[in-house]
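Engineer: Dropping a structure here in structure tokens format, bear with me for questions.
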């Protein structure tokens, strides 16, 4: 059984910009466990622990959905927090795009649920986790940062694939591995 999720990975340039952002933010907020550049991604659907047979089924369902999904553009902009500014545990960068991203999430969620998978049912908020708080941050500083970076654009990229990924939890943080890369419908 391996912790599995469907994700969109980013171009190297965007990851470099996000690492630069993490360094800027670290000047304001200490005690954050920053996500390593290689681990920066957008989770589409979190499946939890599944076996190899189930993972193969996830691959088939994902291929079925993606063969009808054309590549689309995403924009990374602004900062946000989970669960709320008064009780920050996670700091993230927002991901915006056309309706294709929400539709893709919805289709994958529906097809996987119909196939019997227990997927994370929290409302989909497109984001890239930048860091997790080790201690309670200063509320005023968080408000300042959310306001300061509200309209800042970190980059845009076109999505051509979705990856099935596995997560292995370690003391130093999770290690992610791409298990399968599934291409979106080609523009012919």
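Engineer: Just checking, how many residues over segment 23-42 are within 20 Å of the chain's Cα centre (by Cα) and touching a residue at least 40 places away in the same chain (Cβ under 8 Å)?
Structural biologist: From segment 23-42, those within 20 Å of the chain's Cα centre (by Cα) are 23, 25, 32-42; that's our starting set.
When the remaining residues are screened for being touching a residue at least 40 places away in the same chain (Cβ under 8 Å), the result is 25, 32-36, 38-42.
Counting residues in segment 23-42 that are within 20 Å of the chain's Cα centre (by Cα) and touching a residue at least 40 places away in the same chain (Cβ under 8 Å) gives 11.
Engineer: Among the residues of segment 26-74, write down those that are in contact with a strand residue (DSSP E or B) (Cβ under 7 Å, 6 or more places away or on another chain) and assigned to a helix (DSSP H, G or I).
Structural biologist: Passing the criteria: 26, 39, 55, 58, 59, 62, 63, 66.
Engineer: I'm trying to understand the selection: among the residues of segment 106-124, which are crowded, with 18+ Cβ neighbours inside 10 Å and out of contact with any helix residue (DSSP H, G or I) (no Cβ under 9 Å at 6 or more places or on another chain)?
Structural biologist: 109 - this is the single residue of segment 106-124 that is crowded, with 18+ Cβ neighbours inside 10 Å and out of contact with any helix residue (DSSP H, G or I) (no Cβ under 9 Å at 6 or more places or on another chain).
Engineer: So which residues in segment 81-93 are surrounded by 18 or more Cβ atoms within 10 Å (Cβ to Cβ) and within 10 Å of residue 129 (Cα to Cα)?
Structural biologist: 81, 91, 92, 93
Engineer: Restricting to segment 85-130, name every residue that is closer than 19 Å to residue 28 by Cβ and part of a helix (DSSP H, G or I).
Structural biologist: Matches in segment 85-130: none.
Engineer: Residue by residue through segment 1-25, note down the ones that are assigned to a loop (DSSP other than H, G, I, E, B) and buried (at least 17 other Cβ atoms within 10 Å of the Cβ).
Structural biologist: Listed by number, the list holds a single entry, 10.
No value in this document is a laboratory result; all are computed from the given coordinates. Since we're looking at a predicted model, the values are computed, not measured. Positions of Cβ are generated from backbone atoms using ideal geometry, with glycine treated the same way; all protein chains shown enter the neighbour counts.
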